[in-house]
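The values are calculated or read from the model by the stated rules, or taken from the named source; none is laboratory data. Quick caveat: nothing in here was measured; it's all calculated off a predicted structure. Heads up, the Cβs are rebuilt from the backbone with ideal geometry, glycines too, and the neighbour counts pull from every protein chain shown.
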């Protein structure tokens, strides 16, 4: 176990009807009572969340400017517009209502409002220290997946060159996040599946580490993975099942709040590779991950086969003789692929109608700003190319 | 799953040598740079922790007043002395160096310093709102067990009548806690065992709930329990094994930071009963729990046998036919008792040389300030008496 610092002050309000608390919570953090209300398309208007949130803001006499229009893989240009709105209207807090994309966009606006330069500087240089005021962000989460509701991270796509980059910083942890599983009842099956895949991927990125002696976080990660593996298929069959939606939503937040990453170094190679995929083809993040992760596993497992044996045995209950570790590992990967397929997710590029003609381009772009990606095994452009070929 | 609010802003600094950061962290929270240095007996002087902490305070030019002398089951009278010292010396922060008792005592002092009345009011009325300033508390934890290093709770024993009572409040969450597993190398075996028993008990108190659909927290609790069950015996054989000590220490903090309690209601009946035991006989908390918990289980399991079957199967790998649930449950309890014994802990009152002549008195005291204790099954005085008889 490595030395670590853990700090997560996000206040979570979880359960039925909790979005009615958004106004009261926003009032705690917005001294001026002037906020940006940020969301995506109209889905929050159809399911009533918008009305309940707006009512709670009015109850607290909070002035708000609306900025809708966030799309999956949130765009830099919209965030720029948000920064302008916050400056022009003297807003001091952002309430993000929606999924991870909306929250990530809100974080970018929060970071950029009082920054003299171009906020993209931070996304080009993850680790750049923040020396200016950052607006507070609150969330009403309507899609279980991102983890952004209690994490330090924000991922933004810049249209010019279709570059998708991330920034992580303690200042980006939301002040509060409201999670009401009822808001996820109306998610289309495909989005439910993609959300589950995304949560699972966050857990696997953390799980596959070369740091030894990480017993407690290994076990906690396995616990969270099993929660997703067992509950997500039920949510497809029973979309209005509150209990199952609640398990997925809470497991999703825990997956990404950094507790399960303590004392270890995650891999994140698959995420980097997937970013190139969804940056070019605009495929849902979770669907990109269900394509990339099995291919990544097949390419890297020999670098620490025992970790993959543990994964197959403890997460997927593979009960084959330990004398043949390879078979155990491949059976584990096969079960993971079967789970993805049972959720209606692609496991090959061809399943998502993605042609094989730009693999090398994506491989090169994935290591554009660093020599290699991943920690479990360092991946250079040629490795990423091989992984993408395994995903054909 | 119940609606819940989760908030835990304690900053954790975990790993080798991290106590050297105590001064820098204390300086962040003590505006006056005047603090109370609170600890127990001289063990922190023998293992060098005291010297390193004091050096780090001096580096930051922090003025400090020392208050040693905290004992297990920390006393109200010493906390009163601490309150007086803070008032007389205009101190605005408390650094607790030691185990749960020292931290609990520090929290009591922090709560009492600016309170006009008697701080015991809070311990008599858990839930009483705090309407005055509370000092910040920082910790350097040297015993893995209490959970107090990131929890809302404080347990204090008042000598008069040997009353042991607790208070819980968000204001009592420490600002920071330093956890260096190396500081636990020199713990006597018995204390290591008692610490492990205490952590396990915290997990079991949360695990045994009547709230349905708590899948993710069930699994996380099982993960943390297994970490303790597998690592604690190794720590007895290899006291200087950093990795094993680290697993226990981090699992212990996670056990009690309330994340694993989200959406559910813990039982805490065994803790209440044990408080009477250690209040009268001054037995170590963990040793009292290893006596009380199996007896409690035998008395209550029929109120939700499936929860106990799940515990036996998933935590202790009991593989008996499901057609006889009783046998599965009893085998689970037997394995728990065997684990306690392998750790050198008592599982009966007689193992700890506690006579059976005051059982009724303890039973009555346990429900002195409430009609009953426990949530899994409501326990009245006569139930507690029966449980104590099962522990003979």
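Please count how many residues of region A:10-31 are more than 14 Å from every other protein chain (Cβ to nearest Cβ) and either closer than 24 Å to residue A:147 by Cα or in contact with a strand residue (DSSP E or B) (Cβ under 8 Å, 6 or more places away or on another chain) (or both).
4
Just one of B:95, B:91 is surrounded by 21 or more Cβ atoms within 10 Å (Cβ to Cβ), modelled with pLDDT of 95 or more, over 17 Å from the mean Cα position of the chain (by Cα) and part of a loop (DSSP other than H, G, I, E, B); which is it?
One residue alone meets the criteria, B:91.
Would you confirm, using the coordinates I've provided, whether residue B:37 is more than 14 Å from chain A (Cβ to nearest Cβ) and touching a strand residue (DSSP E or B) at 6+ places or on another chain (Cβ under 7 Å)?
Yes; evaluated as a whole, the condition is true for this residue.
Tell me which residues, restricted to region B:205-238, are assigned to a helix (DSSP H, G or I), in contact (Cβ under 8 Å) with a residue 40 or more places away in the chain, surrounded by fewer than 22 Cβ atoms within 10 Å (Cβ to Cβ) and more than 7 Å from every other protein chain (Cβ to nearest Cβ).
Passing the criteria: B:229, B:233, B:236.
Looking at this structure, is residue A:277 crowded, with 16+ Cβ neighbours inside 10 Å, under 16 Å from the mean Cα position of the chain (by Cα), within 24 Å of residue A:195 (Cα to Cα) and at pLDDT below 95?
yes
For (1) within 23 Å of the chain's Cα centre (by Cα); (2) loosely packed, with under 14 Cβ neighbours inside 10 Å, each residue gets a yes or a no:
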| site | (1), (2) |
| --- | --- |
| B:315 | yes, no |
| B:330 | no, no |
| B:350 | no, yes |
| B:364 | no, no |
| B:389 | no, no |
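Tell me whether region B:158-165 contains one or more residues that are within 25 Å of residue B:66 (Cβ to Cβ) and touching a residue at least 60 places away in the same chain (Cβ under 8 Å).
yes
Report whether or not residue A:300 is closer than 24 Å to residue A:203 by Cβ and surrounded by 14 or more Cβ atoms within 10 Å (Cβ to Cβ). Steps first, please.
On the way: closer than 24 Å to residue A:203 by Cβ: yes; surrounded by 14 or more Cβ atoms within 10 Å (Cβ to Cβ): yes.
Taking the combined requirement at face value, the residue satisfies it.
Just a yes or no: is a residue in region B:363-373 assigned to a helix (DSSP H, G or I), modelled with pLDDT of 95 or more and under 20 Å from residue B:286 (Cα atoms)?
yes
Please count how many residues of region A:369-392 are closer than 15 Å to residue A:269 by Cβ and free of Cβ contacts under 8 Å to residues at least 60 places away in the same chain.
8
Would it be correct to say that residue A:307 is in contact with a strand residue (DSSP E or B) (Cβ under 9 Å, 6 or more places away or on another chain), part of a helix (DSSP H, G or I) and over 26 Å from residue A:190 (Cα atoms)?
Details: in contact with a strand residue (DSSP E or B) (Cβ under 9 Å, 6 or more places away or on another chain): no; part of a helix (DSSP H, G or I): yes; over 26 Å from residue A:190 (Cα atoms): yes.
Taking the combined requirement at face value, the residue does not satisfy it.
Go through region B:229-253 and give me each residue that's under 13 Å from residue B:339 (Cβ atoms) and within 19 Å of the chain's Cα centre (by Cα).
B:229, B:231, B:232
Kindly indicate the residue of region B:239-252 that is assigned to a helix (DSSP H, G or I) and more than 9 Å from chain A (Cβ to nearest Cβ) and also nearest to residue B:146 (Cα to Cα) among those meeting that condition. Give the derivation first.
Within region B:239-252, the subset assigned to a helix (DSSP H, G or I) is B:242-252.
Subset that is more than 9 Å from chain A (Cβ to nearest Cβ): B:245, B:249, B:252.
Details: B:245: 15, B:249: 10, B:252: 7 Å.
Step by step, filter region B:239-252, then rank; the result is B:252.
Give the number of residues within region B:186-201 that are more than 14 Å from every other protein chain (Cβ to nearest Cβ) and assigned to a helix (DSSP H, G or I).
Taking region B:186-201 and keeping what is more than 14 Å from every other protein chain (Cβ to nearest Cβ), we get B:186-195, B:197-198, B:201.
Going one step further and asking which of them are assigned to a helix (DSSP H, G or I), we end up with B:189-195, B:197-198, B:201.
Of the residues in that region, 10 qualify.
Out of all the residues in region A:153-170, which are touching a strand residue (DSSP E or B) at 6+ places or on another chain (Cβ under 9 Å) and surrounded by fewer than 21 Cβ atoms within 10 Å (Cβ to Cβ)?
We begin by selecting, within region A:153-170, every residue touching a strand residue (DSSP E or B) at 6+ places or on another chain (Cβ under 9 Å); these are A:153-159, A:163-170.
Once the filter is applied, which keeps residues that are touching a strand residue (DSSP E or B) at 6+ places or on another chain (Cβ under 9 Å) and surrounded by fewer than 21 Cβ atoms within 10 Å (Cβ to Cβ), region A:153-170 yields A:153, A:158, A:159, A:163, A:165, A:166, A:168, A:169, A:170.
So residue B:130 passes all but one of these: (1) modelled with pLDDT of 95 or more; (2) surrounded by 22 or more Cβ atoms within 10 Å (Cβ to Cβ); (3) touching a helix residue (DSSP H, G or I) at 6+ places or on another chain (Cβ under 8 Å). Which condition number does it fail?
(2)
Assess whether residue B:263 counts as being farther than 13 Å from residue B:204 by Cβ, touching a strand residue (DSSP E or B) at 6+ places or on another chain (Cβ under 8 Å), in the same structural domain as residue B:232 (by TED's automatic domain parsing) and modelled with pLDDT of 95 or more. Break it down into steps so the answer makes sense when it comes.
Details: farther than 13 Å from residue B:204 by Cβ: yes; touching a strand residue (DSSP E or B) at 6+ places or on another chain (Cβ under 8 Å): yes; in the same structural domain as residue B:232 (by TED's automatic domain parsing): yes; modelled with pLDDT of 95 or more: yes.
So residue B:263 fits the description; yes.
Just for helices (runs of 4 or more DSSP H) wholly inside region A:6-82: which have at least 1 residues that are crowded, with 21+ Cβ neighbours inside 10 Å and modelled with pLDDT of 95 or more?
Of the helices (runs of 4 or more DSSP H) lying wholly inside region A:6-82, those with at least 1 residues that are crowded, with 21+ Cβ neighbours inside 10 Å and modelled with pLDDT of 95 or more span A:22-29, A:49-59.
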